[in-house]
Amino acid sequence: MKISVVIPVYGCPGALEPLWERLTETLLKITNDYEIILVNDGCPKGSWNIIEKICKQDARIVGMNLSRNFGQVNATNAGIEYSTGDYVIVMDCDLQDKPEEILKLYFKIQEGYDIVYAGRKNRKDTKWVKFCSALYYRVYNHVVEGYYNPCIGNFCIVKRKIVDEYCALPEHNKAFTTVLGWMGYNSTIVMIEGDERLEGKSSYNMRRKINMAIEQITFQSNKPLFFFIKLGLFIAMIALIYISYQLGKYWLIGGAPDGWMSLIAVVSLLGGVQLVSIGVIGIYIGNIFNETKNRKSYFVQTILNDKNKSEL
């Protein structure tokens with residue numbers, strides 16, 4: 001197989017047929033030896049019915065139906081682990097990633113790169129979303145080793161060698177593009193023009209985005225633990241200086257120290273820091289717990305046009 005295109009599907013059934021048609025037209029300009037893997041991540045809007053219809057019309061479409069919703073990260077990994085192409089392309093299903101831009105990515109990787117990311121210029125999002133994204137990646141790049149460009153999304157093309165090494169990593173719930181950045185290798189970015197979402201809106205509300213940000217940061221780095229150690233030492237030093245000042249004042253001037261409100265504020269601050277730091281430690285312990293269970297990150301209920309089954 002020359003090229004595998006992996007697409008997690010959730011919430012955009014109306015985009016699937018136009019996506020298939022535009023992908024087919026684009027990929028045939030490169031090769032007729034390709035596969036398009038549509039991974040239905042428990043979509044409640046009937047996306048699987050559309051995938052079944054497309055699979056009947058085109059044997060190069062592989063339909064994977066997960067047993068329930070496991071999240072975009074795990075749905076993407078399901079398609080990646082099934083893929084066999086010399087080059088693996090990952091993109092979203094909502095047509096914000098233009099299928100025609102695959103040509104730019106493919107021709108760029110022919111120059112000797114291992115990974116080519118699609119950078120989004122003139123991103124079609126609100127100012128608030130852009131601000132939150134920029135803030136997250138600023139924190140992410142400070143906490144995690146390496147550098148992740150905030151203009152990069154899921155849209156990228158990767159050589160098979162890199163994909164095999166990614167799949168061999170034993171971690172669960174690993175995010176493809178962020179782990180690729182940590183892995184290194186010779187990579188570059190091709191800037192492309194994004195498009196509007198064809199239908200609906202993203203299922204990632206603010207709560208899910210915050211949860212995902214916490215998962216990705218604690219998955220990639222233990223620096224938050226060191227941060228709270230430093231914060232605790234800093235607060236302890238300030239408290240020691242304040243206690244020394246009050247004792248000196250008591251011995252030199254006399255009288256009980258004033259300011260019960262300031263004492264309450266300090267105690268509340270310390271209590272809040274302790275709760276947050278305990279929560280961070282708890283997240284890491286939870287990550288360890290999840291890893292030691294060694295459960296699969298997803299289950300596949302059905303595979304349509306399964307090439308592995310046809311080869312048996």
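Things worth noting here:
To keep it simple, each residue is scored yes or no on (1) among the aromatic types (Phe, Trp, Tyr); (2) at pLDDT 80 or above; (3) open to solvent by 60 Å² or more (accessible area, probe 1.4 Å).
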site	(1), (2), (3)
Ala134	no, no, no
Tyr137	yes, no, no
His142	no, no, yes
Ile157	no, yes, no
Arg160	no, yes, no
Asn173	no, no, yes
Val190	no, yes, no
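- Which listed residue, of Ile3, Ile37, Ile30, is over 26 Å from the mean Cα position of the chain (by Cα) and among the aliphatic types (A, V, I, L, M): Ile30
A quick yes/no check of all residues on (1) at pLDDT 90 or above; (2) within 18 Å of Asn173 (Cα to Cα):
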residue	(1), (2)
Leu38	yes, no
Lys45	no, no
Ile61	yes, no
Asn74	no, yes
Ala78	yes, yes
Val88	yes, no
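- In the stretch 89-110, the residues that are under 18 Å from Cys43 (Cβ atoms) and free of Cβ contacts under 8 Å to residues at least 60 places away in the same chain never reach a residue that is basic (Lys, Arg) and open to solvent by less than 10 Å² (accessible area, probe 1.4 Å) with C-beta atoms less than 9 angstrom apart, at least six apart or across chains.
The values are calculated or read from the model by the stated rules, or taken from the named source; none is laboratory data. Quick caveat, the model's predicted, so the values are computed rather than measured. For neighbour counting, all protein chains shown are included, and Cβ atoms are generated from backbone atoms with ideal geometry for every residue, glycine included. Heads up: the accessible areas ignore ligands, DNA and RNA and are worked out on the full protein's heavy atoms, side chains in. Shrake-Rupley method; radii C 1.70, N 1.55, O 1.52, S 1.80 Å.
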